[in-house]
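Shown next, in structure tokens, is the structure this report addresses.
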Amino acid sequence: SAVAPLHIVTKAKANVVAYEHPPTREKGRGRPPKKGPMVKLKELFQTRASEFQTATVTMYGKEETVQYLCLDLLWGQGLYQELRFVLVRWGDRLSILVTTDLTLAATDIIELYGYRFKIECMFREMKQAIGGFSYHFWSKSMPKLKRYLKKGESHPVEHVTDEKERTRIRQTVKAIEGYVMCSCIATGLLQLIAVRYSSRVPGLFFRYLRTHPKTVVSEATVMAYLRTSIFRLFARNPQLSLTKIIQSK
């Protein structure tokens with residue numbers, strides 16, 4: 001079966017440029033153009049202000065009124081991939097959002113980008129509570145990486161030709177990715193426990209961060225609770241698959 005593509009929604013730079021689609025032309029000599037005229041998207045806030053639409057969207061948990069202009073343009077020098085750009089005016093703020101998913105409505109793109117704050121909170125918990133980015137996997141086979149490569153310069157890893165060293169590099173990358181993946185799983189499990197059992201387990205509320213939580217405790221609170229109780233819970237439930245796996249080891 002075909003693998004579903006992975007799409008992104010992000011914020012473009014203020015000086016981003018794109019290209020219109022090339023005009024259709026009758027058959028003739030020469031290669032057909034790959035792109036049309038260049039578009040400086042920041043200028044469209046003034047030149048096409050009358051074309052902006054008004055909508056009410058949910059941003060950061062509140063309903064907000066925004067004005068937006070949605071355009072499908074080509075992007076990338078030499079690549080010319082079709083992307084969906086959404087110019088957003090929110091009060092005095094101007095933003096240019098972009099996505100690879102051409103089926104998303106402009107309002108959905110705006111709301112999806114608003115979830116980034118929650119995503120940043122997850123990264124904070126993965127870093128500070130779980131230690132998901134505290135890996136120390138490295139290999140002497142990995143060459144010294146260059147932060148800035150000149151145009152046309154090949155990546156240092158491409159210069160590694162010895163097959164054993166290339167295998168060690170692949171193993172190192174696999175270890176890093178596996179560590180981060182396990183950290184993501186651990187974060188998700190802690191979040192599930194916090195959401196589902198905060199109201200059912202009074203013992204979860206013995207530790208607070210910054211302010212007193214009203215309904216759902218933090219991931220760090222669940223971690224502190226499990227440190228003192230997880231082995232007792234395993235002993236009470238020897239029939240659990242996880243308990244049997246640990247005992248077998």
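For the structure I just gave you, tell me whether Gln46 is open to solvent by 70 Å² or more (accessible area, probe 1.4 Å) and either of a type in the set (Phe, Trp, Tyr) or over 20 Å from Leu104 (Cα atoms) (or both).
When the stated conditions are applied, Gln46 passes them.
If you go through the stretch 106-117, how many residues are more than 19 Å from Trp75 (Cα to Cα) and either touching a residue at least 60 places away in the same chain (Cβ under 8 Å) or open to solvent by less than 50 Å² (accessible area, probe 1.4 Å) (or both)?
5
Please tell me if Arg200 is open to solvent by 80 Å² or more (accessible area, probe 1.4 Å), more than 30 Å from Met59 (Cα to Cα), at pLDDT below 85 and out of contact with any strand residue (DSSP E or B) (no Cβ under 7 Å at 6 or more places or on another chain).
So Arg200 fits the description; yes.
Could you run through the stretch 56-81 and say how many residues are surrounded by 14 or more Cβ atoms within 10 Å (Cβ to Cβ) and not in a loop (DSSP other than H, G, I, E, B)?
12
What pairs can you find where one residue is in the stretch 172-188 and within 25 Å of Val217 (Cβ to Cβ), the other is part of a helix (DSSP H, G or I) and not charged (D, E, K, R), and their Cβ atoms are less than 6 Å apart, with a gap of 6+ or different chains?
Sorted first by the residue in the stretch 172-188, then by its partner, the pairs are Ser183/Met126; Ser183/Ile130; Ala186/Ile130; Thr187/Met126; Thr187/Ile130.
Can you tell me which residue in the stretch 82-109 is farthest from Val39 (Cα to Cα), limited to those that are among the β-branched types (Val, Ile, Thr) and not in a helix (DSSP H, G or I)? Spell out how you get there, then give the answer.
Of the stretch 82-109, the ones among the β-branched types (Val, Ile, Thr) are 86, 88, 96, 98-100, 103, 107, 109.
Remaining after also requiring not in a helix (DSSP H, G or I): 86, 88, 96, 98-100, 103.
Working: Val86: 14, Val88: 16, Ile96: 13, Val98: 14, Thr99: 17, Thr100: 18, Thr103: 22 Å.
Filtering the stretch 82-109 for residues that are among the β-branched types (Val, Ile, Thr) and not in a helix (DSSP H, G or I), the one farthest from Val39 (Cα to Cα) comes out as Thr103.
When you scan the stretch 158-170, do you find a residue that is at pLDDT below 90, loosely packed, with under 11 Cβ neighbours inside 10 Å and part of a helix (DSSP H, G or I), even just one?
Looking for residues that are at pLDDT below 90, loosely packed, with under 11 Cβ neighbours inside 10 Å and part of a helix (DSSP H, G or I), one finds at least one in the stretch 158-170, hence yes.
Within the stretch 83-92, does at least one residue satisfy the condition of being modelled with pLDDT of 95 or more, of a type in the set (Val, Ile, Thr) and within 27 Å of Val9 (Cβ to Cβ)?
yes
Scan the stretch 224-249 and report the pairs whose first residue is under 28 Å from Glu125 (Cβ atoms) and whose second residue is not in a helix (DSSP H, G or I), with Cβ atoms within less than 9 Å and a gap of 6+ or a chain change.
That search, which allows pairs on different chains as well, returns Ala224/Arg207; Tyr225/Val201; Tyr225/Arg207; Tyr225/Val217; Leu233/Leu240; Phe234/Leu240; Thr243/Asn237.
Within the stretch 121-157, take every residue that is among the charged types (D, E, K, R) and not in a helix (DSSP H, G or I) and give me the one that is farthest from the chain's Cα centre (by Cα).
Checked the stretch 121-157; the qualifying residue farthest from the chain's Cα centre (by Cα) is Lys140.
Let me spell it out: the conditions are (1) closer than 16 Å to Tyr68 by Cα; (2) open to solvent by 80 Å² or more (accessible area, probe 1.4 Å); (3) in contact (Cβ under 8 Å) with a residue 60 or more places away in the chain, and Ala14 meets all of them except one. Which number is the exception?
Only one criterion is unmet by Ala14, namely (2).
With the structure loaded, tell me whether Pro22 is more than 27 Å from Ile110 (Cβ to Cβ), touching a residue at least 12 places away in the same chain (Cβ under 8 Å) and of a type outside the set (Ser, Thr, Tyr) or whether it fails that test.
In short, yes.
Going by the structure shown, is Leu94 touching a Phe, Trp or Tyr at 6+ places or on another chain (Cβ under 8 Å), within 23 Å of Lys42 (Cβ to Cβ) and surrounded by fewer than 19 Cβ atoms within 10 Å (Cβ to Cβ)? Lay out the reasoning, then the answer.
Working: touching a Phe, Trp or Tyr at 6+ places or on another chain (Cβ under 8 Å): yes; within 23 Å of Lys42 (Cβ to Cβ): yes; surrounded by fewer than 19 Cβ atoms within 10 Å (Cβ to Cβ): yes.
Spelling it out, Leu94 is indeed touching a Phe, Trp or Tyr at 6+ places or on another chain (Cβ under 8 Å), within 23 Å of Lys42 (Cβ to Cβ) and surrounded by fewer than 19 Cβ atoms within 10 Å (Cβ to Cβ).
For Phe206, all conditions in the list (1) open to solvent by 100 Å² or more (accessible area, probe 1.4 Å); (2) modelled with pLDDT of 90 or more; (3) within 30 Å of Met223 (Cα to Cα) hold save one; what is the number of the exception?
(2)
The values are calculated or read from the model by the stated rules, or taken from the named source; none is laboratory data. Every value quoted in this text rests on a predicted model; they were computed, and no experiment measured them. Positions of Cβ are backbone-derived with ideal geometry, glycine not excepted, and every protein chain shown enters the neighbour counts. Note: accessible area is taken over every heavy atom of the protein model, side chains too, but ligands, DNA and RNA are not part of it. Shrake-Rupley method; radii C 1.70, N 1.55, O 1.52, S 1.80 Å.
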